[in-house]
Amino acid sequence: MATPFYVAPEQMMKDRAEYARKGIARGRALVAIEWRDGVVFAGENPSRSLHKTSEIYDRIGYAAVGKYNEFESLRVAGIRLADVKGYQYARDDVAAKSLANAYSQSLGAIFMGGEKPYEVELLIAEVGADEGLELFHILYDGSIVDEHRFVAIGGEADALNRALEAGWEADLDLAGAVQLAARVLAANGGDRSIPPDDLEVSGLDRTRDRRRFFRLGPAALDELLAD
């Protein structure tokens, strides 16, 4: 009878974490920046149809990096979960915290027991009627972090976070947040410029009517970046 192959649990978890981190690092990074009326998501993305950011519910936005088919399936599952909860109870009962916890549990279970870990990092944001903003960062292993002011995820996230720390100011307007995001992303990997057509910029604006999510096209980005 053959002896079963054995790998120490600590080594297995280390290998799975390394596998997920390498997969995520191969993709383009994304940043989230708090501004006066909400949050802006920005990332380099030449595709006009395969989005990294999305609306989940009235006040809740979603952003992700990593393997597209994996974070897209998570996005769809989040929308369905939010829709069911809003239908069963009330729209105001759908909250970013409970959604982030659900994502955390799912990714944690996949990391511990699946055939392979998901190669994704997620951001879930919610704006309220007042100045409150909740921003949750969920990692590939289900770890969840409550972020403030700004956060970068994906490749070269540490360098991007340092650049955001140097450039972020309190009470940024939308133009200032978009310009900071474009400047930081362009400086990542060398001194270059990113055409507005290659930038995906969206976010949440608490001053909008019921649905707070917005997406900026190239014309709107040209105007904001030229200010």
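Given (1) part of a strand (DSSP E or B); (2) surrounded by fewer than 19 Cβ atoms within 10 Å (Cβ to Cβ); (3) among the β-branched types (Val, Ile, Thr); (4) touching a residue at least 60 places away in the same chain (Cβ under 8 Å), identify the lone condition not met by THR207.
Here THR207 meets the rest and fails (1).
When the residues of region 53-99 are narrowed to those that are part of a helix (DSSP H, G or I) and among the basic types (Lys, Arg), which ends up modelled with the lowest pLDDT?
Start the filter on region 53-99 by keeping residues that are part of a helix (DSSP H, G or I), which leaves 68-88, 91-93, 96-99.
Going one step further and asking which of them are among the basic types (Lys, Arg), we end up with 75, 80, 85, 91, 97.
Details: ARG75: 97, ARG80: 97, LYS85: 93, ARG91: 90, LYS97: 95.
Filtering first and then ranking leaves ARG91.
Are any residues in region 93-132 β-branched (Val, Ile, Thr), touching a residue at least 60 places away in the same chain (Cβ under 8 Å) and more than 23 Å from GLY27 (Cβ to Cβ), and if so, which ones? Break it down stepwise before answering.
Step one: filter region 93-132 for residues β-branched (Val, Ile, Thr), giving 94, 110, 120, 124, 127.
From what's left, touching a residue at least 60 places away in the same chain (Cβ under 8 Å): 120, 124, 127.
Of everything in region 93-132, just one residue is β-branched (Val, Ile, Thr), touching a residue at least 60 places away in the same chain (Cβ under 8 Å) and more than 23 Å from GLY27 (Cβ to Cβ), namely VAL127.
Kindly indicate the residue of region 43-75 that is of a type in the set (A, V, I, L, M) and surrounded by fewer than 24 Cβ atoms within 10 Å (Cβ to Cβ) and also farthest from GLY142 (Cα to Cα) among those meeting that condition. Before you say what the answer is, go through the steps one by one.
So the first thing to find is which residues in region 43-75 are of a type in the set (A, V, I, L, M), and the list is 50, 56, 60, 63-65, 74.
Still in the running and surrounded by fewer than 24 Cβ atoms within 10 Å (Cβ to Cβ): 50, 56, 74.
On the way: LEU50: 24, ILE56: 19, LEU74: 13 Å.
Checking each candidate, the answer is LEU50.
I'd like to know if region 133-142 contains one or more residues that are out of contact with any helix residue (DSSP H, G or I) (no Cβ under 6 Å at 6 or more places or on another chain), aliphatic (A, V, I, L, M), within 30 Å of ARG16 (Cβ to Cβ) and touching a residue at least 60 places away in the same chain (Cβ under 8 Å). So that I can check it myself, show each step before the final result.
Step one: filter region 133-142 for residues out of contact with any helix residue (DSSP H, G or I) (no Cβ under 6 Å at 6 or more places or on another chain), giving 133, 135, 137, 139.
Still in the list and also aliphatic (A, V, I, L, M): 133, 135, 139.
This time we only want the ones that are within 30 Å of ARG16 (Cβ to Cβ), so: 135, 139.
Now restrict to residues that are touching a residue at least 60 places away in the same chain (Cβ under 8 Å): 135.
Scanning region 133-142 turns up at least one residue that is out of contact with any helix residue (DSSP H, G or I) (no Cβ under 6 Å at 6 or more places or on another chain), aliphatic (A, V, I, L, M), within 30 Å of ARG16 (Cβ to Cβ) and touching a residue at least 60 places away in the same chain (Cβ under 8 Å).
Return the residues of region 168-186 that are assigned to a helix (DSSP H, G or I) and crowded, with 17+ Cβ neighbours inside 10 Å; say none if nothing qualifies.
To start, the set of residues in region 168-186 that are assigned to a helix (DSSP H, G or I) comprises 174-186.
Selection gives LEU174, GLY176, ALA177, VAL178, GLN179, LEU180, ALA181, ALA182, VAL184, LEU185.
Quick one: VAL145 ticks every box in (1) touching a residue at least 12 places away in the same chain (Cβ under 8 Å); (2) closer than 20 Å to GLY61 by Cα bar one, so which box is it?
Unmet condition: (1).
Given the criteria out of contact with any Lys or Arg (no Cβ under 6 Å at 6 or more places or on another chain) and buried (at least 19 other Cβ atoms within 10 Å of the Cβ), does ALA32 qualify? Steps first, answer last, please.
Working: out of contact with any Lys or Arg (no Cβ under 6 Å at 6 or more places or on another chain): yes; buried (at least 19 other Cβ atoms within 10 Å of the Cβ): yes.
Answer is yes for this residue.
Going by what's in this entry, would ILE194 be described as closer than 22 Å to SER49 by Cα, surrounded by 16 or more Cβ atoms within 10 Å (Cβ to Cβ) and touching a His at 6+ places or on another chain (Cβ under 7 Å)?
no
Within the group PHE111, PHE71, which residue is among the hydrophobic types (A, V, I, L, M, F, W, C) and under 30 Å from LEU224 (Cα atoms)? So that I can check it myself, show each step before the final result.
On the way: PHE111 fails: under 30 Å from LEU224 (Cα atoms).
The match here is PHE71.
Looking at ARG183, ARG192, which is the one that is without any contact (Cβ under 8 Å) to a residue 12 or more places away in the chain and basic (Lys, Arg)? Steps first, please.
Working: ARG183 fails: without any contact (Cβ under 8 Å) to a residue 12 or more places away in the chain.
After applying the criteria, what remains is ARG192.
Would you please name the residue that is modelled with the highest pLDDT, looking only at residues in region 28-44 that are part of a loop (DSSP other than H, G, I, E, B) and closer than 16 Å to GLU121 by Cα? Write out each step before concluding.
Within region 28-44, the first condition is being part of a loop (DSSP other than H, G, I, E, B), and the residues that meet it are 28-29, 36-37.
Pick out the ones that are also closer than 16 Å to GLU121 by Cα and you get 28-29.
Values: ARG28: 89, ALA29: 93.
Here the answer is ALA29.
The values are calculated or read from the model by the stated rules, or taken from the named source; none is laboratory data. On a predicted model such as this, the values are computed, not experimentally measured, just so you know. Positions of Cβ are generated from backbone atoms using ideal geometry, with glycine treated the same way; all protein chains shown enter the neighbour counts.
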